[in-house]
Amino acid sequence: MSVSSVFSASAVTDNKEKFAKLQEVIERYRGMEGPLVPVLHEAQEIFGALTLDVQKYISEALNVPVMQIYGVATFYSQFTLKPKGKCKVSVCMGTACYVRGAKKIQDKLVENLGIQVGETDKDGKFTLEATRCVGACGLSPVLLVNDDVYGRTTPDIVPNIMDKYRKA
Ligand code: FES
C-alpha cells in the first residue's frame, strides 16, 4: 500500500515522513503473529497518539477493522488517542497524597492551566492528569511535571511551578 492511497493530499503532505515511518514499521511486522499491539506502540511513538487517521491507516495496511484497533487502543492504558502536551502534569491521587490535600493541588492546576484532568491545552503545552501512588508517599502531596517531582506541594506554589514551564 502506498502512503497516498489512504488519505487526502493535505493529510499526507502534513505527515508524510511520519506515515512513511509507520509504513516501514508495518512492513517489519507484516506476516508475524499478532502484529497489532507492537505496531500501535511504534505508531504512538511516531505520532504521539493513536489518532483516527493513524488508526485508519493501520486498519487498511494490516486489514484489521478500525473498531478492533480502537478497542485495543482504548483497552490498554499506555495508549492515548489524543496527542499530549509537551509538559505532562500529574497529581498523585494515591491515599497518602489524597489525605494531605492532593485534590486542592489538582483544583489549583485546573484553575491555573484552564483545563480539566485528562485534557491538553490548545497550545499543546500542558496535559493535566491524575496518577496513582508514585512511591514517594513521604513527600505527599506529590506533583509531577514530566520527570520532575515536587513534594509537599501546596496550592500556593502551583502558579510558580507552572510559570517555570511556561517560560521554558
Ligand atoms: S500516595 Fe502519592 S506518592 Fe504515594
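What is the calculated FRET efficiency for K56 to K167, with r their C-beta to C-beta distance and R₀ = 45 Å, to the nearest 0.05?
Working: r = 38 Å, r/R0 = 0.85.
E between K56 and K167, to the nearest 0.05, is 0.75.
Return a whole-number percent for the relative contact order of the stretch 44-130, with Cα pairs under 8 Å and 6 or more residues apart as the contact set. Intermediate results must be reported in sequence, preceding the final value.
On the way: 101 pairs, mean separation 24.2, N = 87.
It rounds to 28 percent for the stretch 44-130.
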Other-chain or far-sequence residues with amide H under 5 Å of E119's (modelled H): L128
Along the stretch 105-117, what does the Karplus equation 6.51 cos²θ - 1.76 cosθ + 1.60 (θ = phi - 60°) give for ³J(HN,Hα), rounded to whole Hz, x for Gly and Pro? 5, 4, 4, 5, 5, 4, 5, 5, 8, x, 9, 8, 4
Do any trypsin sites (Lys or Arg not before Pro) in the stretch 21-116 lie in a DSSP loop with no more than 12 other beta carbon atoms within 10 Å, and if so, which? R30
Enumerate the lysines that K21 could reach by cross-link, defined here as Cα to Cα under 16 Å, with residues fewer than 8 away along the same chain left out. K56
Base-10 log of normalised Debye intensity for the chain (one unit scatterer per alpha-carbon) at q = 0.10, 0.12, 0.17 Å⁻¹: -0.49, -0.65, -0.96
Computed over the chain, the relative contact order (Cα-Cα under 8 Å, seq sep at least six) in percent reads 17 percent
Mind listing the phi-derived Karplus ³J(HN,Hα) values for the stretch 19-31, rounded to whole Hz, using 6.51, -1.76 and 1.60 with θ = phi - 60°, and x for any glycine or proline? 5, 5, 4, 4, 4, 4, 4, 4, 5, 5, 8, 4, x
Given springs between every Cα pair under 10 Å in a Gaussian network model of the chain, which of G124, G151, G34 has the largest fluctuation? G34
Per residue of the stretch 151-164, in order, report the coupling 6.51 cos²θ - 1.76 cosθ + 1.60 (Karplus, θ = phi - 60°) as ³J(HN,Hα) in whole Hz, putting x for Gly and Pro. x, 6, 6, 10, x, 4, 8, 4, x, 5, 4, 5, 4, 4
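No lab work stands behind these numbers, since they all come straight from the coordinates. Because the structure is a prediction, the values reported are computed rather than measured. Methodologically, a virtual Cβ is constructed for each residue, glycine included, from the backbone with ideal geometry; neighbour enumeration extends over all protein chains shown.
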